[in-house]
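Colleague: First, the structure itself, so that you have it in front of you.
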Amino acid sequence: MFITKKTINGKDYFYFQKSVRDKDKVKSEYIAYLGKDKEEAEKKAELIKQQLGSKEKNYQKKLQQMTISIDELAAFCKRKGFVYPSGEIYGGLAGFWDFGHLGTLLENNIKTEWREYHVQERDDIVEIDGSIITNPKVWEASGHISSFVDLAVICKKCGYKTKIDKHEIPGRCEKCQGEYENQGEFNPMFVTEVGPIKPSVEVYLRPETAQLIFTDFKLVQENARLKLPFGIAQIGKSFRNELSPREFLFRSREFEQMEIEYFTALNQKCPYIEETKAVDILIYNEDIQKNNKAPEFMNVYDAWKKRIIKNDWHAYWLSKEYEWFISLGANPLNFRARQHLAEEKSHYAIDTWDLEYNFPMGWRELQGFANRADYDLKQHQNFSKTSMEIEHEGKKVIPHVVCEPSLGVERAFLVFMLDSYFYDEKRKNIVLKLHPKLAPIKAAVFPIIKKPEYEKISDDIVIKLKKEFNVIYDKSGSIGRRYSRNDEIGTPYCITIDDISPKQEDVTIRDRDTTEQIRVKIKNIDNVLRKLINEEISFLKAGKKVETRVK
Ligand code: GAP
């Protein structure tokens, strides 16, 4: 394996390649894009080598190209109608974003997939939808008023504002290495008022969805007759008055969380731990970090057996969540599980792991997995004087949240966009290889000939498909242009009504990623599309393969 450099328009780009023997010739084959910086590229190549050593076959086919910075992704999202700066005609507002038509569809698909995987397909998790503003005592009890505080600093040299953890003080500016000036602590909860007549009640916009799960815990448990272990899930908006929102959607002031509070009895074993045997991931626990070693690629079950991941529920949920991302097309090489250092943990947590993702700006938290133990239920029991005990094996217990998988919808959105963003050299356009389940538009329908007979068939297909899927009817421009327009927004299938369609009562379907085409009977089109999206059939088995000029 070796690193190669390409210079395009005066800029260097580094790639990782390997030599493969093809009969008598030796060819080089692409493995991964390594970025624009030589030193970073060498580090990344080392890591990939380590990972591929044990898992080459499985991972090779999944390798993806990530060629854009976070700002380039923001520009692409705006250009294509996924995400806009909020209120842009007035200059926008830092940390707030509006989702356009395609972005809304993609976000909804992410939430639908999350809901199916975590609630619908399981017996042990139910869902609630709590309110954004609630009784302010909730935040007193949860510790958010007293302990949910950040430290604000300003760089004395370049004026860069940021928040840092207390243990990082004095710290050095991440932009210019200048000295930071401490601006004191601040609480990132947004404050507003309830009641139009003064004196009104001061309330907060929730900074996490989790607390509504704790306050409703007894009602939900009784109504759904839940027995330990069980989880309560919630998808909803959260708000944090971040000191310096940045990096597009990564750190915003209004965002959406998909959280699960998973409750167990104290020391209750995870009955699903065997499932972790099938999962390998880069692991970066506290010891490895403190000894300045590189993260290690490990089997999750082995990591739990060796007490690298101490808690079986942590091992299980890290695996489950990682698998969810991979099942929806994310690149496994871009994930790692990192344990929080003792000094980083939130006020409520006794052990926390993050699923981190290799964002263009570096490895960052994608999803948190805190062990909140019985902290929250006990706090609410004490503050509200309402018992949070439930029956377990003939005894009254206060359950423990041994693991809280908590994911931002927008961070998941970034992951799926980044891992599916390709530039196709042959087609000379971007191909957004979103998983068909996530793709905003499932199919585009094109009549190739502008005559009523063909347009009538197209209309009928669109009307039929629209009952079940988001599809678009695209009549304008050359067929090649229509393909590229849809490649760029991730439409997995293009359906073309061509000269022989009226006679044969069939159409062609083109696969976005391979440009292969098949012919399918018009009467079967909805069934075929459903099976393709749900991965119940492979593309070439769904119809008769055909060769065409326009790919
Ligand atoms: N209930 C636990 C909790 O809220 P957190 O680590 O503060 O924990 C959980 O947040 C997840 O919410 C993060 O991993 C991230 O995906 C998302 N998130 C947090 N703050 C965010 C922000 N300012 N912008 C976008 N997403 C954010």
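Colleague: What single numbered condition from (1) surrounded by fewer than 14 Cβ atoms within 10 Å (Cβ to Cβ); (2) assigned to a helix (DSSP H, G or I); (3) touching a strand residue (DSSP E or B) at 6+ places or on another chain (Cβ under 9 Å) fails to hold for Thr548?
Modeller: All conditions are met except number (2).
Colleague: Using beta carbons and a limit of 6 Å, which pairs, at least six apart or on different chains, have the first residue in the stretch 205-227 and within 16 Å of the ligand (Cβ to nearest atom) and the second one of a type in the set (Lys, Arg)?
Modeller: These pairs meet every condition: Pro207/Arg240.
Colleague: With (1) under 21 Å from Glu113 (Cβ atoms); (2) not in a loop (DSSP other than H, G, I, E, B); (3) not hydroxyl-bearing (Ser, Thr, Tyr) as the list, and Arg485 as the residue in question, which single condition is left unmet?
Modeller: Condition not satisfied by Arg485: (1).
Colleague: Going through the stretch 422-433 one residue at a time, which ones are farther than 19 Å from His101 by Cβ and assigned to a strand (DSSP E or B)?
Modeller: First, pick out the residues of the stretch 422-433 that are farther than 19 Å from His101 by Cβ: 422-429, 431, 433.
Within the stretch 422-433, Phe422, Tyr423, Asp424, Asn429, Val431 qualify.
Colleague: Taking the condition of being within 11 Å of the chain's Cα centre (by Cα) and either open to solvent by less than 10 Å² (accessible area, probe 1.4 Å) or within 11 Å of Ile281 (Cα to Cα) (or both), how many residues in the stretch 306-327 meet it?
Modeller: Of the residues in that region, 4 qualify.
Colleague: Among the listed residues Thr491, Thr515, Thr508, identify the single one that is touching a Lys or Arg at 6+ places or on another chain (Cβ under 6 Å), surrounded by 14 or more Cβ atoms within 10 Å (Cβ to Cβ) and outside any strand (DSSP E or B).
Modeller: Numbers: Thr491 fails: touching a Lys or Arg at 6+ places or on another chain (Cβ under 6 Å); Thr508 fails: outside any strand (DSSP E or B).
When all the criteria are applied, what remains is Thr515.
Colleague: Within the stretch 449-487, how many residues are touching a Leu at 6+ places or on another chain (Cβ under 7 Å) and either surrounded by fewer than 19 Cβ atoms within 10 Å (Cβ to Cβ) or farther than 26 Å from Leu432 by Cβ (or both)?
Modeller: The total comes to 2.
Colleague: Checking Ser538 against (1) touching a strand residue (DSSP E or B) at 6+ places or on another chain (Cβ under 6 Å); (2) more than 17 Å from Ile463 (Cα to Cα); (3) open to solvent by 20 Å² or more (accessible area, probe 1.4 Å), only one condition comes out false. Which one?
Modeller: It is condition (1) that Ser538 fails.
Colleague: Go through Pro436, Pro440 for me and flag whichever is part of a loop (DSSP other than H, G, I, E, B), touching a Pro at 6+ places or on another chain (Cβ under 7 Å), open to solvent by less than 70 Å² (accessible area, probe 1.4 Å) and of a type outside the set (A, V, I, L, M, F, W, C). First the steps, then the outcome.
Modeller: Numbers: Pro440 fails: touching a Pro at 6+ places or on another chain (Cβ under 7 Å).
Criteria check complete, one pass: Pro436.
Here is a yes/no grid of residues against (1) within 14 Å of the ligand (Cβ to nearest atom); (2) at pLDDT below 95; (3) within 27 Å of Asp98 (Cβ to Cβ):
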{"position": "Arg364", "(1), (2), (3)": "yes, no, yes"}
{"position": "Gln367", "(1), (2), (3)": "yes, no, yes"}
{"position": "Asp376", "(1), (2), (3)": "yes, no, no"}
{"position": "Asn382", "(1), (2), (3)": "no, no, no"}
{"position": "Lys396", "(1), (2), (3)": "no, no, no"}
{"position": "Ser406", "(1), (2), (3)": "yes, no, yes"}
{"position": "Ala412", "(1), (2), (3)": "yes, no, yes"}
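Colleague: Residue under question is Leu333, and the condition is that it be in contact with a strand residue (DSSP E or B) (Cβ under 9 Å, 6 or more places away or on another chain) and at pLDDT 95 or above; does it hold?
Modeller: Values: in contact with a strand residue (DSSP E or B) (Cβ under 9 Å, 6 or more places away or on another chain): yes; at pLDDT 95 or above: no.
It is false that Leu333 is in contact with a strand residue (DSSP E or B) (Cβ under 9 Å, 6 or more places away or on another chain) and at pLDDT 95 or above.
Colleague: A further question on this structure: I need a count of the residues in the stretch 334-351 that are closer than 19 Å to Phe297 by Cα and touching a helix residue (DSSP H, G or I) at 6+ places or on another chain (Cβ under 9 Å). Before the answer, list the steps.
Modeller: We begin by selecting, within the stretch 334-351, every residue closer than 19 Å to Phe297 by Cα; these are 334-340.
Checking which are touching a helix residue (DSSP H, G or I) at 6+ places or on another chain (Cβ under 9 Å) leaves us with 334-335, 337-340.
Of the residues in the stretch 334-351, 6 are closer than 19 Å to Phe297 by Cα and touching a helix residue (DSSP H, G or I) at 6+ places or on another chain (Cβ under 9 Å).
Colleague: Right, next: Would you call Phe422 buried (at least 23 other Cβ atoms within 10 Å of the Cβ) and away from the ligand (no atom under 16 Å from the Cβ)? Break it down stepwise before answering.
Modeller: On the way: buried (at least 23 other Cβ atoms within 10 Å of the Cβ): no; away from the ligand (no atom under 16 Å from the Cβ): yes.
Here the answer is no, as Phe422 does not meet what is asked.
Colleague: Let me ask you something else. Examine the stretch 294-315 for a residue that is within 14 Å of the ligand (Cβ to nearest atom), at negative phi and not small (Gly, Ala, Ser), and state whether such a residue exists. Walk me through it before giving the result.
Modeller: Applying the first criterion (within 14 Å of the ligand (Cβ to nearest atom)) to the stretch 294-315 yields none.
No; the residues of the stretch 294-315 include none that is within 14 Å of the ligand (Cβ to nearest atom), at negative phi and not small (Gly, Ala, Ser).
Colleague: Right, another one. Being within 16 Å of the ligand (Cβ to nearest atom) and at pLDDT 95 or above, is that true of even one residue in the stretch 263-279? Lay out the reasoning, then the answer.
Modeller: Going residue by residue through the stretch 263-279, those that are within 16 Å of the ligand (Cβ to nearest atom) are 263.
With at pLDDT 95 or above added as a condition, the list becomes 263.
Yes: one or more hits.
Colleague: If you don't mind, there's one more thing I want to ask. Could you please let me know if Asp351 is buried (at least 18 other Cβ atoms within 10 Å of the Cβ), at pLDDT 95 or above and either near the ligand (Cβ under 10 Å from one of its atoms) or under 29 Å from Arg336 (Cβ atoms) (or both)? I'd like the intermediate steps shown before the answer.
Modeller: On the way: buried (at least 18 other Cβ atoms within 10 Å of the Cβ): yes; at pLDDT 95 or above: no; either near the ligand (Cβ under 10 Å from one of its atoms) or under 29 Å from Arg336 (Cβ atoms) (or both): yes.
Judged against the criteria, Asp351 is not a match.
Colleague: Among the residues of the stretch 391-419 satisfying the criterion of being in a helix (DSSP H, G or I) and among the acidic types (Asp, Glu), which is surrounded by the most Cβ atoms within 10 Å (Cβ to Cβ)?
Modeller: Going through the stretch 391-419, the residues in a helix (DSSP H, G or I) turn out to be 409-419.
Those left that are additionally among the acidic types (Asp, Glu): 410, 419.
Working: Glu410: 23, Asp419: 26.
Among them, the one singled out is Asp419.
Colleague: Here is a follow-up. Taking strands (runs of 3 or more DSSP E) that fall entirely within the stretch 134-248, which contain at least 1 residues that are at pLDDT below 95 and open to solvent by less than 20 Å² (accessible area, probe 1.4 Å)?
Modeller: Details: elements: 150-155, 161-164, 180-186, 191-194, 201-204, 230-239.
Passing ranges, in order: 150-155, 161-164.
Colleague: Next up: Among the candidates Met388, Met361, single out the residue that is open to solvent by 30 Å² or more (accessible area, probe 1.4 Å) and either of a type in the set (A, V, I, L, M, F, W, C) or under 30 Å from Val279 (Cα atoms) (or both). Give the steps one after another, and end with the answer.
Modeller: Numbers: Met388 fails: open to solvent by 30 Å² or more (accessible area, probe 1.4 Å).
After ruling out the rest, the residue left standing is Met361.
Colleague: Return the residue satisfying two criteria in turn: it lies in the stretch 239-262 and is within 7 Å of the ligand (Cβ to nearest atom) and of a type in the set (S, T, N, Q), and of such residues it is nearest to Tyr117 (Cα to Cα).
Modeller: The extreme case among them is Gln257.
Colleague: Name every residue in the stretch 99-130 that is part of a strand (DSSP E or B) and open to solvent by less than 60 Å² (accessible area, probe 1.4 Å), in order of residue number. Reasoning before the result, please.
Modeller: If we filter the stretch 99-130 for residues that are part of a strand (DSSP E or B), which is where we start, we get 99, 125-128.
Selection gives Phe99, Ile125, Val126, Ile128.
Colleague: Also, quick follow-up: State all residues of the stretch 81-97 that are assigned to a strand (DSSP E or B) and either within 15 Å of the ligand (Cβ to nearest atom) or open to solvent by less than 40 Å² (accessible area, probe 1.4 Å) (or both); if no residue qualifies, say none. I'd like the intermediate steps shown before the answer.
Modeller: Going through the stretch 81-97, the residues assigned to a strand (DSSP E or B) turn out to be 83-85, 97.
Answer for the stretch 81-97, where residues must be assigned to a strand (DSSP E or B) and either within 15 Å of the ligand (Cβ to nearest atom) or open to solvent by less than 40 Å² (accessible area, probe 1.4 Å) (or both): Val83, Pro85, Trp97.
The values are calculated or read from the model by the stated rules, or taken from the named source; none is laboratory data. What you see is a predicted model; the values in this text were computed from it and never measured. Reconstructed Cβ throughout: ideal geometry from the backbone, glycine too, with neighbour counts over all protein chains shown. These area figures cover heavy atoms from the full protein model, side chains too; ligands, DNA and RNA do not enter into them. Shrake-Rupley method; radii C 1.70, N 1.55, O 1.52, S 1.80 Å.
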